[in-house]
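**Student:** Handing you a structure now.
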Amino acid sequence: MIEKIKYVGLLVACACAIPGFAQEQTDTVPRKITHEERLAVNAKTVKGTVVDAVKGMPLEGISISIPGISAAMTNEKGEFSIRTNTQEAELLVSGPGYQQKWVALKGRSTNIRIALNDEATATVFKDILTPLGYVSGNRVTTPITQLDDDNSKSPAVTPDALLQGKVAGLNAITRSGMDGAGLNTFLHGFNSIYTNSQPLLIIDGMIVENMSAGVSLIDGYLSTPLNSIDVKDIERISVLKDASVLYGVKGANGAIIVETKRAKSPETTINVHAQMGVNMKPSSIPVLDASQSKRYLASVYQSRGYSANQMSKLPFLNSEKPVLQEWGYEGNVDYYRYNKSTDWQDNLFSKGFKSDYSLSVTGGDEVALYAVSLGMLSNKGVIDGTDYSRFTARLNTDISISPKLKVQTSMSFIYGKKNLAAEGSKSALNPIYSSLAKAPFTVANIYDEQDLMSPLLENVDMFGIANPQVVLDDVMHENSNYGFMGNVSVKYSVWKDLTLSTVVGLRFNKERERVFHPSSGIPYGELPTAMITNELQHRVERIFTLSNETRANYLFKFGADHRLDATLGMRYLNTKGEDDWGKGYNSASDNFTSINYGLNELRQAGGSIGEWNWLAFYANLAYSWKDRYFLTGTFSADASSRYGDDIGQFQSFPAISGAWLISSEPFMRNIDKVDLLKLRAGYSTAGNDDIGNFTARRYYTSQNLMGNYGLVRGNLVNTALKPERVGKFNVGVDASFFNERLSLSADFYRTNVKDMIAYSSITPISGFSTYVDNNGEMQNTGFDFSLSGRLLNLRELKWDAGLTASHYKNKVTKLNGDRYLTDIAGGTILTEVGKPLGVFYGYKTNGVYATSAEAATDGLYHRSGLQDLAFGAGDVRFVNLNAADKYINESDRTVIGDPNPDVFGGLFTSVSWKQFKLSARFTYSVGNDVYNYTRSTLESMNGLANQTQVVLNRWTKEGQITNVPRVVYGDPMQNSRFSDRWIEDGSYLKFKNLTLSYDVPMKKGLIRGLQVYAVAENLGTLTSYKGYDPEFSVTASPLGYGIDAFVTPQTRTFYVGLILGL
């Protein structure tokens, strides 16, 4: 062995000596060949012409380059000549006033004709904003949609409204018509039952989790971090549709990247923007009028067994006006209280004035650039007494410390205040519910026996319904928001192809809520030890986030054909959240609205505090060959404080994707009608650690028993709990034809979710009914399609149009146990293997029994306690799916509706002529079912609330054929139970936006530009839905998808505005 080592050592020594000997003999050092010399040896000259796509005239001064190789400029004839070392290179063509375009040589060297559209034309040859910065669109191998629209004229309050109908695959649904409510966004279906199902937000390079540290005191209210951004500050938005592996355990639902505006040059520019508008009242739901309501209530009381004499004494049926006698008033002293006619919906809704003003300034010098903006918004809501005001400030800077060292900063501040109305199924203080359910013959103000109106408001009426005017005027639901977000980015070029960068970010958000319920005008329950006379609540939530991302990027180039872009990086996120609330009751006066004024013995307090951390290391390799074949591989290793102790510190998430740029192939050289044709395919994995901060940890909570406090276990710990895991396969195509006159993109995807959070039943002896584990699985399959085109491309007249269409099919594939049933707003949501998530589970119906004989033939019963009640004439004919018995009970329930749409998307068009531009946008959803809880409440006929006019067709006599059952107080046969009576087709086509603008011609001077415009929103909706508005999303949970529970409708709104540039 020793001898062999000697021989190997001798050979190595000889090999090392050979170059040394040669160097000694020549006494020279080999000189490195420069790039220019290599190009001179292999140089090939490429010639062509650049022309205007519309006018056909040659363009002078257009830049032609092969990045990193050579560059040229067109002459007055539009001609160019450029050197390249390969005839398979791509030319980057750009010029002032024209779009940027990549042109593949495809082996050509002469007579290359390039036609450029103006810069206002949408182009497929643009750089795409990705998690690693900007990448040429040709090199992108995953499905990404980027919006570069001018948002300056948009009246949108939150940026997510800009995405509606524009991003194929993204189902963006307005939560409600309440100002600042925001949207719920679901990308490619649902990836979880109980955890977050919405995309990750990245704002100016900083991750912003869409989460809350607690639960709002205001029914139906959900906060959104996107309220902190003025849409006029947005430069572009990118939507990452794959599993976004670079965000690892945060990227299961895709990601939305928002970039705000920065200064582009040292020139000082000032933009002043003013916008004013007014919203219209929505159409009313047809409820019973005063006389109809009295007849209905008479039948209700009749069904309660009231005699004719008792009925005549009811104040709303007693027509005897009060008469003053010596001893007092005789007659119906409540006559004027219950014999008026009030349109409560007209009182509820109001025309609200809206205003939005902003100022932005950009400028700087050769070293530093800045962009500063201020915004002030004030919107009155469609519900009287609601409003939203907001102040925003933003500062973005770009500092070039040296040619190698660059620093960027982004800072923003927000203060917002909302006066809100309760929404959702907790209806007592919901002004929409009280206005619809309130008897129309009652009054808002107190009337005396002489029919004189008092300024004081009426109390709760005899039917137990709140006074809607009290709910609007005296109930306080106030939310205030203070927020700061800032980051500093440092980028250092070590040498030409190696860069190091780091971003440190800080976010602070504070929300304060004040709630007050007065002593009169609304119904109250009771506490264990006291009756409630008024209620005072206060809540403060604080979220503090510190983040850092550091990465190194190296670009390898091998000859003219090979390129490898390598990135190594790490991310860290630390978030601290605190939520504190207090409640007080029975202050001495409604003038005292602080918790401090409530009775000491009735005060309640609670809250939570928590901290969670995320650490990720990632790598990205992007390889390209001949600028036609692309392969990208990524890997992320993520640690989270939310993991259980038994699964290890890190979870890994790999991905691979590739693309083939067919349009750059030499065999495409003679097919000049194809500008771009690219095939993409990939498989990615990502995770979702929104499993609860302490679900995998043992913890204790405080418990109050009769004034004595103690600690009890808060959970049944699962130390093997891990993040949900999403694996996604995607294949797609991007294409553009006829000099970008027609562009399309299509994708097919399949997502498999494993380790999904599920609940397993356990023995109650443990003190808990369920146990959290990772035994769920789910699948989404679907396609996206987008198409856009320029139908007219004349010198002064241009017409663009486009559409997006999306479809997904969701299916639960594994659960712990057979099914889960979730009760929401009186309905039941079924989660079952083999079925879509969120389906409605209830009873099928087949009309109403017209005669007693029909009911006797079926011979069905409803069991109430120990009593069997037979269905009779006027009762709903429920379908007895369990033929083994004659009872209508839970075993007869089945799937009665699916809220998931068959297809959804948007349509858009714009026409420009000279300085005028008219644009329109539509959104649509087809095939989605809706549970109309609002209608189920107002057509149940089981109480004393007012009803819709549908109940005028109720069954009243033997032999009557109708679909509306009889009136019976308390509904002993449960005719109003959750059934397909309340499920409707929620399909719609909505005229979302119409904008007309005019650019005022300006001469050179102080004023750089002036644009005036008018905007109309929500102009009309084509739908068969019977509620106010078919578009709503009261909860961010997929289980609440498609449930309309007295949600504020979106209404027609008209704006005018101007943009002044100095």
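**Student:** crowded, with 22+ Cβ neighbours inside 10 Å, in the same structural domain as Gln408 (by TED's automatic domain parsing), over 17 Å from the mean Cα position of the chain (by Cα) and within 24 Å of Gly137 (Cβ to Cβ) - does that describe any residue in the stretch 246-256? Before you say what the answer is, go through the steps one by one.
**Tutor:** Initially, the stretch 246-256 is screened for residues crowded, with 22+ Cβ neighbours inside 10 Å, giving 246-256.
Adding the requirement that they be in the same structural domain as Gln408 (by TED's automatic domain parsing) leaves 246-256.
So of that shortlist, the ones also over 17 Å from the mean Cα position of the chain (by Cα) come out as 246-249.
Still in the running and within 24 Å of Gly137 (Cβ to Cβ): 246-247.
Scanning the stretch 246-256, I find at least one residue that is crowded, with 22+ Cβ neighbours inside 10 Å, in the same structural domain as Gln408 (by TED's automatic domain parsing), over 17 Å from the mean Cα position of the chain (by Cα) and within 24 Å of Gly137 (Cβ to Cβ), so the answer is yes.
**Student:** If we keep just the residues of the stretch 501-512 that are surrounded by 16 or more Cβ atoms within 10 Å (Cβ to Cβ) and among the aliphatic types (A, V, I, L, M), which is farthest from Asn574 (Cα to Cα)?
**Tutor:** Going through the qualifying residues, I end up with Val503.
**Student:** Quick check on my filter: what residues within the stretch 959-1006 are among the small types (Gly, Ala, Ser) and part of a strand (DSSP E or B)? I'd like the intermediate steps shown before the answer.
**Tutor:** In the first step, residues of the stretch 959-1006 are kept if they are among the small types (Gly, Ala, Ser); the result is 959, 970, 976, 979, 986-987, 997, 1005.
Once the filter is applied, which keeps residues that are among the small types (Gly, Ala, Ser) and part of a strand (DSSP E or B), the stretch 959-1006 yields Ser979, Ser997.
**Student:** Hand me the list of strands (runs of 3 or more DSSP E) wholly inside the stretch 631-743 holding 1 or more residues that are crowded, with 19+ Cβ neighbours inside 10 Å.
**Tutor:** Working: elements: 651-661, 674-688, 700-705, 708-713, 724-737.
The strands (runs of 3 or more DSSP E) meeting that bar are 651-661, 674-688, 724-737.
**Student:** Go through Gly177, Gly205, Gly169 for me and flag whichever is out of contact with any Lys or Arg (no Cβ under 8 Å at 6 or more places or on another chain) and surrounded by 24 or more Cβ atoms within 10 Å (Cβ to Cβ). Before the answer, list the steps.
**Tutor:** On the way: Gly205 fails: surrounded by 24 or more Cβ atoms within 10 Å (Cβ to Cβ); Gly169 fails: out of contact with any Lys or Arg (no Cβ under 8 Å at 6 or more places or on another chain).
None of the other options fit; the residue is Gly177.
**Student:** A further question follows. Please work out which residue is nearest to the chain's Cα centre (by Cα), limiting yourself to the stretch 674-698 and to residues that are of a type in the set (Lys, Arg) and at pLDDT below 90. Break it down into steps so the answer makes sense when it comes.
**Tutor:** Here is the first cut: in the stretch 674-698, the ones of a type in the set (Lys, Arg) are 678, 680, 697-698.
Subset that is at pLDDT below 90: 697-698.
Values: Arg697: 31, Arg698: 33 Å.
Selected residue: Arg697.
**Student:** Okay, next question. Looking at the structure I just gave you, is Tyr585 surrounded by 16 or more Cβ atoms within 10 Å (Cβ to Cβ) and in contact (Cβ under 8 Å) with a residue 24 or more places away in the chain? Show your work before the answer.
**Tutor:** Values: surrounded by 16 or more Cβ atoms within 10 Å (Cβ to Cβ): yes; in contact (Cβ under 8 Å) with a residue 24 or more places away in the chain: yes.
So Tyr585 passes the test.
Per-residue answers, yes or no, for (1) out of contact with any helix residue (DSSP H, G or I) (no Cβ under 9 Å at 6 or more places or on another chain); (2) part of a strand (DSSP E or B); (3) over 23 Å from Val167 (Cβ atoms); (4) not assigned by TED's automatic domain parsing to the domain that holds His517:
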{"residue": "Asn184", "(1), (2), (3), (4)": "no, yes, no, yes"}
{"residue": "Tyr194", "(1), (2), (3), (4)": "no, no, yes, yes"}
{"residue": "Ile207", "(1), (2), (3), (4)": "no, yes, no, no"}
{"residue": "Asp219", "(1), (2), (3), (4)": "no, no, yes, no"}
{"residue": "Leu226", "(1), (2), (3), (4)": "no, no, no, no"}
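**Student:** Continuing with this model, one more query. Kindly indicate the residue of the stretch 231-250 that is farther than 27 Å from Asn396 by Cα and small (Gly, Ala, Ser) and also modelled with the highest pLDDT among those meeting that condition.
**Tutor:** Residues of the stretch 231-250 farther than 27 Å from Asn396 by Cα: 241-243, 245, 248-249.
Cutting the leftovers down to small (Gly, Ala, Ser) gives us 243, 248.
Values: Ala243: 66, Gly248: 93.
Applying the filter and picking the extreme gives Gly248.
**Student:** Just to check your reading of the model, which residue among Ile888, Ile829 is within 34 Å of the chain's Cα centre (by Cα), modelled with pLDDT of 95 or more and either buried (at least 17 other Cβ atoms within 10 Å of the Cβ) or within 30 Å of Tyr988 (Cβ to Cβ) (or both)? Quick ask: steps written out before the conclusion?
**Tutor:** On the way: Ile888 fails: within 34 Å of the chain's Cα centre (by Cα).
None of the others qualify; the one that does is Ile829.
**Student:** Where residues in the stretch 435-463 are over 23 Å from Glu330 (Cβ atoms) and without any contact (Cβ under 8 Å) to a residue 60 or more places away in the chain, which of them is surrounded by the fewest Cβ atoms within 10 Å (Cβ to Cβ)? Explain how you work it out, then say what you get.
**Tutor:** First, pick out the residues of the stretch 435-463 that are over 23 Å from Glu330 (Cβ atoms): 435-440, 444-445, 455-457, 459-460, 463.
Next cut, without any contact (Cβ under 8 Å) to a residue 60 or more places away in the chain only: 445, 455-456.
Details: Asn445: 14, Pro455: 6, Leu456: 10.
Among those residues, the one meeting the criterion is Pro455.
**Student:** Restricting to the stretch 560-571, count the residues that are among the small types (Gly, Ala, Ser) and in a strand (DSSP E or B). Before you say what the answer is, go through the steps one by one.
**Tutor:** The initial filter retains those residues of the stretch 560-571 that are among the small types (Gly, Ala, Ser), namely 560, 566, 569.
The next check asks that each one be in a strand (DSSP E or B); those that pass are 566, 569.
Adding up the residues that qualify gives 2.
**Student:** Out of curiosity, is Asp773 more than 30 Å from Ser663 (Cα to Cα), touching a Leu at 6+ places or on another chain (Cβ under 8 Å), acidic (Asp, Glu) and in contact (Cβ under 8 Å) with a residue 24 or more places away in the chain?
**Tutor:** Values: more than 30 Å from Ser663 (Cα to Cα): yes; touching a Leu at 6+ places or on another chain (Cβ under 8 Å): yes; acidic (Asp, Glu): yes; in contact (Cβ under 8 Å) with a residue 24 or more places away in the chain: yes.
So Asp773 passes the test.
**Student:** Here are Arg966, Arg893: which of them is closer than 30 Å to Gly834 by Cα, basic (Lys, Arg) and touching a residue at least 24 places away in the same chain (Cβ under 8 Å)?
**Tutor:** Working: Arg966 fails: closer than 30 Å to Gly834 by Cα.
Only one candidate qualifies: Arg893.
**Student:** Just a yes or no: is a residue in the stretch 619-628 crowded, with 17+ Cβ neighbours inside 10 Å, assigned to a strand (DSSP E or B), touching a residue at least 40 places away in the same chain (Cβ under 8 Å) and charged (D, E, K, R)?
**Tutor:** No: zero hits.
**Student:** Determine the pairs where a residue that is over 26 Å from Thr86 (Cα atoms), located within the stretch 550-574, has a partner that is not in a strand (DSSP E or B) with Cβ atoms under 7 Å apart, the partner being 6 or more residues away or on another chain.
**Tutor:** Within 7 Å, the pairs are Thr567/Leu132.
**Student:** Write out, first by first residue and then by second, each pair whose Cβ atoms fall under 7 Å of each other, whose residues are 6+ apart or on separate chains, and whose first residue, in the stretch 337-363, is in contact (Cβ under 8 Å) with a residue 40 or more places away in the chain and of a type in the set (Asp, Glu) while the second is surrounded by 17 or more Cβ atoms within 10 Å (Cβ to Cβ) and part of a strand (DSSP E or B).
**Tutor:** Asp356/Gln275; Asp356/Leu377
**Student:** Got a number for residues in the stretch 931-945 being among the aliphatic types (A, V, I, L, M), in a loop (DSSP other than H, G, I, E, B) and in contact with a strand residue (DSSP E or B) (Cβ under 8 Å, 6 or more places away or on another chain)?
**Tutor:** Applying the first criterion (among the aliphatic types (A, V, I, L, M)) to the stretch 931-945 yields 938, 941, 944-945.
Next cut, in a loop (DSSP other than H, G, I, E, B) only: 941, 944-945.
Then drop every residue that is not in contact with a strand residue (DSSP E or B) (Cβ under 8 Å, 6 or more places away or on another chain), which leaves 941.
Going through the stretch 931-945 one residue at a time, the tally reaches 1.
**Student:** Another question about this same structure. Consider Asn846 against the criteria (1) touching a Lys or Arg at 6+ places or on another chain (Cβ under 9 Å); (2) touching a residue at least 60 places away in the same chain (Cβ under 8 Å); (3) surrounded by fewer than 16 Cβ atoms within 10 Å (Cβ to Cβ): it satisfies all of them except one. Which criterion is unmet?
**Tutor:** Of everything listed in (1) touching a Lys or Arg at 6+ places or on another chain (Cβ under 9 Å); (2) touching a residue at least 60 places away in the same chain (Cβ under 8 Å); (3) surrounded by fewer than 16 Cβ atoms within 10 Å (Cβ to Cβ), Asn846 misses just condition (2).
**Student:** Collect the residues in the stretch 259-309 that are touching a residue at least 12 places away in the same chain (Cβ under 8 Å) and of a type in the set (D, E, K, R), keeping them in residue-number order.
**Tutor:** Glu259, Lys261, Arg262, Lys264, Glu267, Lys281, Asp289, Lys294, Arg304 - these are the residues of the stretch 259-309 that are touching a residue at least 12 places away in the same chain (Cβ under 8 Å) and of a type in the set (D, E, K, R).
Table: residues versus (1) over 35 Å from the mean Cα position of the chain (by Cα); (2) modelled with pLDDT under 95; (3) under 17 Å from Arg571 (Cβ atoms).
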site: Trp614; (1), (2), (3): no, no, yes
site: Leu621; (1), (2), (3): no, no, no
site: Thr634; (1), (2), (3): no, no, yes
site: Tyr643; (1), (2), (3): no, yes, yes
site: Asp646; (1), (2), (3): no, yes, no
site: Pro666; (1), (2), (3): yes, yes, no
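**Student:** Regarding the stretch 853-861, can at least one residue be identified that is buried (at least 19 other Cβ atoms within 10 Å of the Cβ) and either assigned to a strand (DSSP E or B) or in contact with a Phe, Trp or Tyr (Cβ under 6 Å, 6 or more places away or on another chain) (or both)?
**Tutor:** Yes; the residues of the stretch 853-861 include at least one that is buried (at least 19 other Cβ atoms within 10 Å of the Cβ) and either assigned to a strand (DSSP E or B) or in contact with a Phe, Trp or Tyr (Cβ under 6 Å, 6 or more places away or on another chain) (or both).
**Student:** So which residues in the stretch 394-416 are under 23 Å from Thr224 (Cα atoms) and either touching a Gly at 6+ places or on another chain (Cβ under 9 Å) or surrounded by fewer than 17 Cβ atoms within 10 Å (Cβ to Cβ) (or both), if there are any at all? It would help to see each step written out before you state the result.
**Tutor:** The first filter runs over the stretch 394-416 and keeps only residues under 23 Å from Thr224 (Cα atoms), leaving 394-396, 410-416.
Once the filter is applied, which keeps residues that are under 23 Å from Thr224 (Cα atoms) and either touching a Gly at 6+ places or on another chain (Cβ under 9 Å) or surrounded by fewer than 17 Cβ atoms within 10 Å (Cβ to Cβ) (or both), the stretch 394-416 yields Arg394, Leu395, Ser410, Met411, Ser412, Phe413, Ile414, Tyr415, Gly416.
The values are calculated or read from the model by the stated rules, or taken from the named source; none is laboratory data. Computed from a prediction, not measured in an experiment: that's the story for all the values here. Positions of Cβ are backbone-derived with ideal geometry, glycine not excepted, and every protein chain shown enters the neighbour counts.
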